[in-house]
Amino acid sequence: MTTTELAIEVQDLHKRYGDTHAVDGVDLAVARGEVFALLGPNGAGKTTTVEILEGFRHRDAGEISVLGTDPGKPTGQWRSRIGIVLQTTGGHDELTVEELVRHFAGYYPDVRDPDEVIRAVGLDEKRRTRSRHLSGGQRRRLDVALGILGRPELLFLDEPTTGFDPEARHEFWELIDGLAHGGTTIILTTHYLDEAEHLADRVGVIAAGRILAVDTPERLGGRAESEATVSWQEDGERRHVVTGEPTAAVQQLAARFRGEIPGLAITRPSLEEIYLRLIGEYEAADRTEQP
Ligand code: ATP
């Protein structure tokens, strides 16, 4: 991939807070148009990394290019190409949804139609509601509305659906899918593995400031090659085999049952299981390294 095809390029990024090495040698390359999810336990260094990329925190060391610019030296023009939805926002509590969106629309050179944006995030019915009267999930939608107003080429979403009910989460995913199809590069941090699986082209797993693995959700941590569990119902109980050749197992079962296999299911490890395994392996290795 050439540098111009990359929205983000990070080499050997470091950030310390006193004794805490929050980001400890992160390398990252995100292509233009890609949806990239950063996953990791609490305190892994996700927010620190993302805020350095957004130009909000200074790094101690490392090379970074975000849309061709060093975020340590941000310009107004560069900022207008980036949309940011932070983990916690607030302020402007007395303004209505409509007033807030129109107010922020004034900041951007190439702005989306405020009415369209309010509809897109599903806040049409709340447009005259003061923001302090919105629910947590509605407030996040408003944050997203403000983040996408300026048609950003690159959108940062930090735990965007925390506090959403399942229906709101699925609606939100549709919104993000639409932005991704329109070519927006998206960096997402989330603790919801199903969210990463649904939205992300690739995921990166980070722990203690280090990237453990980067791959598509389907391939992460050898997931695609993992053995499958074939399970079925027999003699009133659930039986299963774990196998690298599930097709052969199903053929044998079909021959034995002479047709339909009761309650047949074939499953591979979920992204969550793979993620927990990666983190668990890292923690076990880290413990043996400690004196
Ligand atoms: P979470 O999933 O809980 O949001 P995270 O992966 O985003 O966590 P960070 O917020 O980047 O993690 O924090 C990484 C580490 O750096 C943690 O140990 C945290 O305590 C520490 N840290 C973060 N910000 C500061 C700060 N301003 N001052 C001191 N330490 C900090």
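The values are calculated or read from the model by the stated rules, or taken from the named source; none is laboratory data. If you're wondering where the values come from, they're calculated on a predicted model, not measured in any experiment. Heads up, the Cβs are rebuilt from the backbone with ideal geometry, glycines too, and the neighbour counts pull from every protein chain shown. To get the accessible areas, we keep the full protein, side chains included, count just its heavy atoms, and leave off ligands, DNA and RNA. Shrake-Rupley method; radii C 1.70, N 1.55, O 1.52, S 1.80 Å.
Worth pointing out:
- Condition met for VAL66 (closer than 22 Å to VAL23 by Cα and in the same structural domain as LEU179 (by TED's automatic domain parsing)): yes
- Subset tally (residues that are out of contact with any Gly (no Cβ under 9 Å at 6 or more places or on another chain), open to solvent by 10 Å² or more (accessible area, probe 1.4 Å), in contact (Cβ under 8 Å) with a residue 24 or more places away in the chain and acidic (Asp, Glu)) for segment 183-236: 2
- For segment 184-217, a residue qualifies if it is in a loop (DSSP other than H, G, I, E, B), more than 16 Å from the ligand (Cβ to nearest atom) and either hydrophobic (A, V, I, L, M, F, W, C) or not assigned by TED's automatic domain parsing to the domain that holds GLY25 (or both), and exactly one does: ALA200.
- For first residues located in segment 239-263 and in the same structural domain as THR229 (by TED's automatic domain parsing), partners that are hydroxyl-bearing (Ser, Thr, Tyr) and lie 6+ apart or on another chain with Cβ distances below 7 Å form the pairs ARG239/SER231; HIS240/THR229; HIS240/SER231; VAL242/THR229; ALA249/THR243.
- Among the conditions (1) touching a helix residue (DSSP H, G or I) at 6+ places or on another chain (Cβ under 7 Å); (2) part of a strand (DSSP E or B); (3) open to solvent by less than 30 Å² (accessible area, probe 1.4 Å), the only one that LEU278 does not satisfy is (2).
- In segment 141-170, residue nearest to the ligand (Cβ to nearest atom) [restricted to those that are assigned to a helix (DSSP H, G or I) and open to solvent by 20 Å² or more (accessible area, probe 1.4 Å)]: ARG169
- Wholly enclosed strands (runs of 3 or more DSSP E) of segment 1-73 bearing at least 1 residues surrounded by fewer than 20 Cβ atoms within 10 Å (Cβ to Cβ) and touching a residue at least 24 places away in the same chain (Cβ under 8 Å): 6-17, 20-31, 61-66
- Pair list, Cβ < 7 Å and 6+ apart or interchain, from segment 101-129 residues that are more than 18 Å from GLU153 (Cβ to Cβ) to residues that are of a type in the set (Ser, Thr, Tyr): ARG127/THR96; ARG128/THR96; THR129/THR96
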